[in-house]
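Below: one structure, written as structure tokens.
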Amino acid sequence: MYSNNQLNLDIIQNECQNAPNPFLPTEFTTNKDELNRQLLSVRADQLKTVVESNVNSDQQILQTVYQYTNSERVQIASEYQAKYVSSLASDIKKSASTLSFILESAFQDRYLFWAQQIHGIANNSKPNEKFLISLVLLMSDTDVVQVNTHYKTLYNMDLKKAISQGTPDSDWAQLLQTWVICENDKEMEPEATADHFYQAAKGFGTDVNMFVHLLCSCTGSCFKLVCEAYQKKYKKSLYKVIEKEFKGTNEFAFLLAHEFLVNPAEGVAFALKQGCREQNMMLIATTLIHSEKYIETIKMAYTRLGDLQQDIAKYGKYVEIVSKMWGL
């Protein structure tokens, strides 16, 4: 015979496998989504105990960050708010020591966090331009829609207007403003598009408008074919052409767009490398926003840039959490 505890354990295991429970009538079988909500609610209770005890709270909260997806962490925070009429983020801020910012942010919806980061930089008197560039150019068309929706709700302004007001008159700012209003959905003819890039870089000047138009129009799969066509016809990589045509912040922006279109994971790796160099919020934000999606591919994507774990190891107090969120 089964004890009550064993029976309950079997019920949970069967529900998690989405299988009917052999010991209970069907009408009493817990819905899988409801079971998941209950489990997340229990984790909210555990976090309440942790933040109130204030004993080794950082490490205990980190375990939840590692164990759950962003959507699950958001639900945990929602359960916490409903039960205790208190914000989990604010309670973490009170109890956690050196890691409070990254721990608070980990329980936010990633698109909400994304929008807030863009707003913070765009409205800073001394903005970190490369950080802003990475936030914008690592957005897919789907991401743009989601971030723009949150941005409008929070700040009553769309992304293009926010970027135009918060950036200087520059080539990279033009690229960002166009990136958030265009869709990379065009299947262009590879060799003809390669020719357009060649003409845009020909001579003493650079046709920035053409570079922006092409980078903000074609699909990633199409762009890879364009790069191959360019290499074959002109015996030079489009990456090297961008390096030659643009300098400083402009170079970083146009190279990042190139990398993201060729392979989004390589774009994220490119931004992580810059974040490791500068040791600023760029590394943390890139991790919080993108680690869940690219955790399986980031190591390979980063290989040509160096060793990700070694580069992160230079970052001080955030080394452990950033490394673990990338599965290192």
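What follows is calculated from the coordinates using simple rules that are stated; it is not laboratory data. Keep in mind it's a predicted model, so treat the numbers as computed, not measured. Here the Cβ positions follow ideal geometry from the backbone for every residue, glycine too, while neighbour counts run over all protein chains shown.
Amide H to amide H distances under 5 Å link LYS186 with CYS218, THR219, where only residues 5 or more positions off or on other chains count and H is placed in the peptide plane.
For the stretch 162-306, the C-alpha radius of gyration sits at 1.05 times the compact-globule guess of 2.2 N^0.38 Å, with N the residue count.
Let me know the charge dipole size of the stretch 31-106 about its Cα centre in debye, to the nearest 20, where only the beta-carbon of Lys, Arg (+1) and Asp, Glu (-1) is charged.
On the way: 8 positive and 9 negative charges, 6 e Å.
Roughly 40 debye, rounded to the nearest 20.
Think of the chain as having a plus end and a minus end, set by charges on the Cβ of Lys, Arg, Asp and Glu; of LEU138, SER170, LEU225, SER170 sits farthest toward the positive end of this dipole. Think of the chain as a dipole: +1 on every Lys or Arg Cβ, -1 on every Asp or Glu Cβ, centred on the Cα centre; then among ILE121, THR49, LEU159, ILE121 lies furthest on the positive end.
Ranked by the mean number of other Cβ atoms within 10 Å per residue, highest first, peptides 210-222, 172-184 order as 172-184, 210-222.
Using the Cβ-Cβ distance between ARG37 and GLN309 with R0 = 41 Å, the FRET efficiency computed as 1/(1 + (r/R0)^6) comes to roughly 0.70. Taking 20 °C and 1.002 mPa s as conditions, the stretch 110-179 diffuses translationally at an estimated 182 µm²/s according to Stokes-Einstein applied to its Kirkwood radius (Cα pairs).
Order by neighbour count: MET157, MET325, MET282, fewest other Cβ atoms within 10 Å first, most last. Don't skip to the answer; put the middle values down first.
Details: MET157 14, MET325 21, MET282 24.
Ranking MET157, MET325, MET282 by Cβ neighbours within 10 Å, fewest first, gives MET157, MET325, MET282.
Treating only the Cβ atoms of Lys and Arg (+1) and Asp and Glu (-1) as charged, compute the dipole magnitude of the stretch 110-179 about its Cα centre; round to the nearest 20 debye. Walk me through the numbers on the way to the answer.
Details: 6 positive and 6 negative charges, 44 e Å.
The dipole of the stretch 110-179 has a size of about 220 debye.
Most tightly packed first, judged by the mean number of other beta-carbon atoms within 10 Å of their residues, the peptides 299-312, 40-53, 256-269 read 256-269, 40-53, 299-312.
Using a simple charge model, +1 on the beta-carbon of Lys and Arg, -1 on the beta-carbon of Asp and Glu, nothing else, what dipole does the chain show about its Cα centre, in debye to the nearest 20?
Working: 32 positive and 38 negative charges, 185 e Å.
In total the dipole reaches around 900 debye.
Residues PHE246, PHE131, arranged from fewest to most other Cβ atoms within 10 angstrom of their Cβ, appear as PHE246, PHE131.
Around GLN117, under 14 Å between beta carbons, what's the net of Lys plus Arg minus Asp minus Glu among the other residues? Please list the in-between numbers first.
Working: positive: ARG110, LYS130; negative: GLU104, ASP109, GLU129, ASP143.
Once positives and negatives cancel, what remains is -2.
Taking only DSSP H segments of four or more residues, each worth -39500 (n - 2.57), what value at 222 nm results for the chain once the sum is divided by all its residues, to the nearest 500 deg cm²/dmol? Show your work: numbers first, answer last.
Values: 21 runs with 234 residues, N = 328.
Mean residue ellipticity, 222 nm, calculated: -21500 deg cm²/dmol.
Considered as an equivalent ellipsoid built on the Cα gyration tensor, the stretch 31-106 has semi-axes of 20, 13, 11 Å, the largest given first.
(1) 35, 60, 5; (2) 22, 43, 25, 8, 1; (3) 27, 50, 20, 3, 0: which one is P(r) over Cα pairs in 20 Å bins from 0, in percent as calculated from this entry? Among (1) 35, 60, 5; (2) 22, 43, 25, 8, 1; (3) 27, 50, 20, 3, 0, the one calculated here is (3).
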